[in-house]
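I am attaching a structure below and will ask some questions about it afterwards.
The values are calculated or read from the model by the stated rules, or taken from the named source; none is laboratory data. The model shown is predicted, which means the values in this text are computed figures rather than measured ones. Here the Cβ is made from the backbone with ideal geometry for all residues, glycine too, and neighbour counts use every protein chain on show. We work out accessible area using only protein heavy atoms, side chains counted, and drop any ligands, DNA or RNA first. Shrake-Rupley method; radii C 1.70, N 1.55, O 1.52, S 1.80 Å.
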Amino acid sequence: MSAKINTKVYVPRDAAALSVGAEDVAVAIIGEARRRKLDVTVVRNGSRGLFWAEPLVEVETSQGRIAYGRVTAADVPGLFDGAFLKGGHHRLSLGVTEDIPYLKHQERLTFARCGLTDPLSIEDYRRLGGFRGLARALTLAPDSIVEEVVESGLRGRGGAGFPTGIKWRTVRTASGAQKYVVCNADEGDSGTFADRLLMEGDPFLLIEGMIIAGIAVGATSGYIYVRSEYPHAFRTIKQAIAIAYKRGYLGVGVAGGPFVFDLDVRLGAGSYICGEETALLESLEGKRGIIRYRPPLPAIKGLFGQPTIVNNVLSLAAVPLILDKGATFYRDFGMGRSRGTLPIQLAGNVKRGGLIEKAFGITLGDVIEEFGGGTASGRPFRAAQVGGPLGAYFPRDFLDTPLDYESFTARKGLLGHGGIVVFDDTVDLARQARFAMEFCAIESCGKCTPCRIGSTRGVEIIDRVIAGQDRDRNLELLNDLCELMQDASLCALGGLTPYPVLSALEHFPEDFDRPAQSLRAAE
Amino acid sequence: MDLQVNNRVAPPWDDAEALEIVARHRQMPGATLPILHALQERFGYIGRAAIPMVAEALNLSQAEIHGVVAFYDDFREQPPGRHTLRMCRAEACQSMGCNTLVEQAEKRLGVGLGATTADGKVTLEAAYCLGNCACAPAAMLDGELIGRLDSARLDRLLDRLESAS
């Protein structure tokens, strides 16, 4: 053939893909194509969120994009020996990407574009429907934007589930010389990675959501607070902001409209409590991440004492679609008072972990079995911790719980940020309960006594239980302590740490009744 | 996957350069964390001299700046080892056996979490979630994320660290 055909090959640049060798794979593909004198363009896309299959390499063909999963650099010559560039069969082939059941059975609204293209291509973003929500917002009165978000039923995806539109309305009507939009990207919960995936895979979506929020409430300045454990996301967002400024989407005259919106990204410094919104604001102001008393609410007196929206990445990222397609479109997904979709993060001891965006209402069991394919170890399932380190441990009997805020509350659990961590039967729930208290002790900001002292006492009590000392009395004491922490802590850290502890006690009492172990071994 | 070891060595603390870094960031709203990050990014730690420097630039008390440095786990007041290995020990990684891997690393390096080897080569730290929970257990070496860590891969990684400078 004289004219060479250019083939596009996608190799993700997402941190999770890089963590399992995507960079080496990209280098190998470029090298192999050169050696064989083939015209190949390697696009470094975001991840589709099918982390079980990373590095997930895709080839663009006439039948659509064909995926190859868990590709290593060593597999590359063999792939080229086959009909890789035509999407030919290979033992690593997963077929047409869109038809992979894991992806096909999702309802991707927020993550619809994630992983499709180079995340920093603003042209690709626009071509794939980006900035349509902003365009519509610019035709509406700010009050109408707020009402659209209220109507959509969107609730805060950070964990608390507070109606986003109501928060916006409060800031809209609050008076202040300067209002702020703050994005909470301090995604510290174990088992969660949706914020990271989105910031690395579709950063302009978050930026668009923040611009809309700014216009809606009259805020001209925004900050994204990214945890320092996410250096890749920080770099991507920083670059995306620079591009958005260059292209006129940020600064004076946003997208050609009459508004001003400045945006900056800030790095956290390894403190879990800074995911709590008032501690986050303190940190942004340059102080220690100590939580604030409420009231006043941040919506009235937030960053630098001004009215401030503090929203999670996923809440803000849901906004462009709500504006683009309308509140009704969004609220038609979901169940009960949980409207829209939930980006579920399936992780831990599970065969197929990754991002699963579904309408609220799918059961915990369906996520773990249908999507996850059971445990990674192949051993029997024993527990799932939902909602991060402050979430309850649910036993097998609870796998029928629908993913919905109220259903989880009814079972003394919480949905939180949508993370699910699966454990097989080797897990010892007494040790997990101890870890919950230990984690609280490490991360407590120290402002209130129930959290600061209670967590340390909690570790000691559980150690005595594990060591077999006076078990009944110590378990009674532990229950009392949990009740006190729940009732008297100032924020969710101390207030929710009892969830994993009490659920472990309630559903897995046998783990607190094992033969005594030495205190040393309990550590 | 080939586990790479970077050999980026931070320059020794330099008051004049530190002052320049402080000056470059001081106008930012809430400049304390950005300044401290920039100093640590450059020198690997926050030198003692930084406390009065930052306090003066921001018109805050030294106690306040010291409080910030001490509060956040990221900020170091001592130079770290030439390499930093952070191992995640949060729940998702626990479910995949991270605690055994932490023990393995501690044993081979001869230090516990939060400590630096006697030769100043490696600082071993705990992390509480690196956001790689679907590819657990996770770790981070000199800022590069590592997923699906197992005992054999950890051993290879430690071999490389041993032969690195």
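Give a quick list of GluC sites (Glu not before Pro) in region A:389-451 that DSSP marks as loop, anything other than H, G, I, E or B, with at most 11 other Cβ atoms within 10 Å. Present the calculation step by step, with values, prior to reporting the outcome.
Working: sites: A:GLU406, A:GLU438, A:GLU443; in loops: none.
Passing sites in region A:389-451 do not exist.
Please give the total accessible area that chains A and B bury against each other, computed with a 1.4 Å probe and expressed in Å² to the nearest 100.
3700
Using θ = phi - 60° and the Karplus form 6.51 cos²θ - 1.76 cosθ + 1.60, what ³J(HN,Hα) does each residue of region A:289-303 get, whole Hz, x for Gly and Pro?
Values per residue, Gly and Pro as x: x, 9, 5, 9, 5, 10, x, x, 6, x, 5, 9, 9, x, 5 Hz.
Among B:PRO52, B:PRO137, B:PRO11, which one moves the most in a GNM of chain B with springs linking Cα atoms closer than 10 Å?
With Cα springs under 10 Å in chain B, the top fluctuation among B:PRO52, B:PRO137, B:PRO11 is at B:PRO11.
Once phi is turned into ³J(HN,Hα) by the Karplus curve 6.51 cos²θ - 1.76 cosθ + 1.60 with θ = phi - 60°, what whole-Hz value does each residue of region A:408-419 show in order, with x for glycine and proline?
Using θ = phi - 60°, the values come out as 6, 4, 4, 9, 6, x, 8, 7, x, 8, x, x Hz.
How high is the relative contact order of region B:27-92, given as a whole-number percent (alpha carbon pairs under 8 Å, six or more residues apart)?
35
At a cut-off of 40 Å², which residues of region A:317-352 become less accessible once all protein chains are present than in their chain alone, using a 1.4 Å probe?
A:GLY348
Follow-up question, since we're still on this one. Please list the equivalent ellipsoid semi-axes of region A:255-327, computed as the square roots of five times the alpha-carbon gyration tensor eigenvalues, in descending order and whole angstrom.
Semi-axis lengths for region A:255-327 are 26, 14, 14 Å.
Another question, if that's okay. If I stretch the segment between A:ALA177 and A:ALA488 completely, what's the gain in nm (0.36 nm per residue apart, minus their alpha carbon distance), one decimal?
108.5 nm
Which whole-Hz couplings ³J(HN,Hα) result when phi for each residue of region A:26-38 is put into the Karplus expression 6.51 cos²θ - 1.76 cosθ + 1.60, θ = phi - 60°, listed in order with x for Gly and Pro?
Result, rounded to whole Hz: 4, 4, 5, 5, 4, x, 5, 5, 5, 4, 8, 6, 10.
As a quick test, which of the pairs A:LYS447/B:LYS121; A:LYS287/A:LYS351; A:LYS179/A:LYS325; A:LYS287/A:LYS325 have an alpha carbon distance above 31 angstrom in this structure?
A:LYS447/B:LYS121; A:LYS287/A:LYS351; A:LYS287/A:LYS325
Another question, then. So, for region A:268-331, what is the accessible surface per residue at a probe of 1.4 Å, expressed in square angstrom?
Ligands and nucleic acids excluded, the result is 30 Å² per residue.
Here is a further query. Determine the per residue accessible area of region A:84-230 with all protein chains present and a 1.4 angstrom probe, expressed in square angstrom.
It amounts to 32 Å² per residue over region A:84-230.
Averaged over every viewing direction, what's the projected area of the C-alpha convex hull for region A:450-502? Give it in nm², one decimal, please.
Here the figure is 3.1 nm², rounded to one decimal.
Residue by residue through A:264-270, how many Cβ atoms from other chains fall within 10 Å of the Cβ on average?
6
I'd like the mean, over residues of A:181-190, of how many other protein chain beta carbons sit within 10 Å of each residue's own Cβ.
Rounded to a whole number, the mean comes out at 3.
Round to a whole angstrom and tell me the spacing of the C-alpha centers of region A:454-486 and region A:290-336.
Here the two parts' Cα centres lie 37 Å apart.
Let me ask something else about it. Any idea what Rg and Dmax come out to for region A:24-124 if you just take the C-alpha atoms, in Å?
Rg and Dmax of region A:24-124, Cα atoms, are 13.6, 41 Å.
Could you compute Rg(Cα) / (2.2 N^0.38 Å) for region A:404-523, with N its residue count?
Working it through for region A:404-523, the quotient is 1.04.
Among the residues of region A:271-298, which ones have their accessible area go down by 50 Å² or more when all the protein chains sit together, as opposed to their chain alone (1.4 Å probe)?
Those are A:GLY286, A:ARG288, which lose 50 Å² or more relative to the chain on its own.
Other chains near B:63-72: what is the mean number of their Cβ atoms within 10 Å of each residue's Cβ?
Other-chain Cβ atoms within 10 Å of each residue's Cβ, averaged: 4.
What full-extension length gain, to one decimal in nm, is calculated for A:GLN239 and A:ASP81 as 0.36 nm per residue of separation minus the Cα-Cα distance?
Length gained between A:GLN239 and A:ASP81: 53.1 nm.
Would you grab the residues whose amide H sits under 5 Å from the one on A:LYS358? Only those 5+ places off in sequence or on another chain, please, with H modelled 1.01 Å from N.
The list, which skips near neighbours in sequence, is A:GLU107, A:LEU342, A:ILE344.
Something else about it: Amide H to amide H, which residues 5 or more places from A:GLY302 or on other chains are under 5 Å from it, using H placed in the peptide plane?
Placed amide hydrogens put A:THR308 under 5 Å from A:GLY302.
Assuming 0.890 mPa s and 25 °C, estimate D for region B:1-80 with Stokes-Einstein, Rh taken as the Kirkwood radius over Cα pairs, in µm²/s.
Here the translational diffusion coefficient equals 187 µm²/s.
Over all alpha-carbon pairs of the protein assembly as shown, lay out the pair-distance distribution in 20 Å bins, whole %, shortest bin first.
The percentages, shortest bin first, are 18, 53, 28, 1, 0.
Another question, then. Loop-only check: which chymotrypsin sites (Phe, Trp or Tyr not before Pro) in region A:358-466 are DSSP coil with at most 10 other Cβ within 10 angstrom? Could you put the intermediate results ahead of the total?
Values: sites: A:PHE360, A:PHE371, A:PHE381, A:TYR393, A:PHE398, A:TYR405, A:PHE408, A:PHE423, A:PHE435, A:PHE439; in loops: A:PHE360.
Answer in residue order: no site qualifies.
Which residues, if any, in region B:119-152 lose at least 50 square angstrom of accessible heavy-atom surface (probe 1.4 Å) when the other protein chains sit next to their chain rather than the chain being alone?
Flagged in region B:119-152: B:TYR128, B:CYS129, B:GLY131, B:CYS133, B:ALA134, B:LEU145, B:ARG148.
Please report, as a whole percent, how much of the solvent-accessible surface of the protein assembly as shown comes from carbon and sulfur atoms (probe radius 1.4 Å).
Values: 13260 of 26140 Å².
Carbon and sulfur: 51 percent of the exposed surface of the protein assembly as shown.
Let me ask another. So if I place +1 on the C-beta of Lys and Arg and -1 on the C-beta of Asp and Glu, and nothing else carries charge, what would the dipole magnitude of chain A be about its Cα centre? I want it in debye, nearest 20.
The calculated dipole for chain A is roughly 1460 debye.
Also: Only Cα pairs under 8 Å and at least 6 apart count here; give the relative contact order of region B:1-139 as a rounded whole percent. Please list the in-between numbers first.
Working: 173 pairs, mean separation 29.1, N = 139.
After rounding, I find 21 percent.
Please state, as a whole number in µm²/s, the translational diffusion coefficient that the Stokes-Einstein equation yields for region A:299-339 at 25 °C and 0.890 mPa s, with Rh defined as the Kirkwood radius across alpha carbon pairs.
204
Continuing with this model, one more query. What are the residues whose amide H is under 5 Å from the amide H of A:ASP264, where those residues sit 5 or more places off or on another chain and H is modelled from the backbone?
Under 5 Å from the amide H of A:ASP264: A:GLY222, A:TYR223, A:ILE224.
Ok, one more. For chain A, calculate the relative contact order in percent as a whole number, restricting contacts to Cα pairs under 8 Å that are 6 or more residues apart.
That works out to 13 percent.
Pick from B:ASP155, B:ASP142, B:ASP14: which is most flexible by mean-square fluctuation in a GNM of chain B where alpha carbon atoms under 10 Å apart are linked?
In this elastic network of chain B, the residue with the biggest mean-square fluctuation among B:ASP155, B:ASP142, B:ASP14 is B:ASP14.
Something else now. Roughly how many Å is it from the Cα centre of region A:1-80 to that of region B:30-104, as a whole number?
37
For the protein assembly as shown, what is the calculated [θ] at 222 nm in deg cm²/dmol (nearest 500), taking -39500 (n - 2.57) for each run of four or more DSSP H residues and dividing by its residue count?
-11500 deg cm²/dmol
Residues of chain B: accessible area per residue at 1.4 Å, in Å²? Could the numbers behind the result be given before it?
Numbers: 7380 Å² over 165 residues.
Heavy-atom SASA per residue in chain B reads 45 Å².
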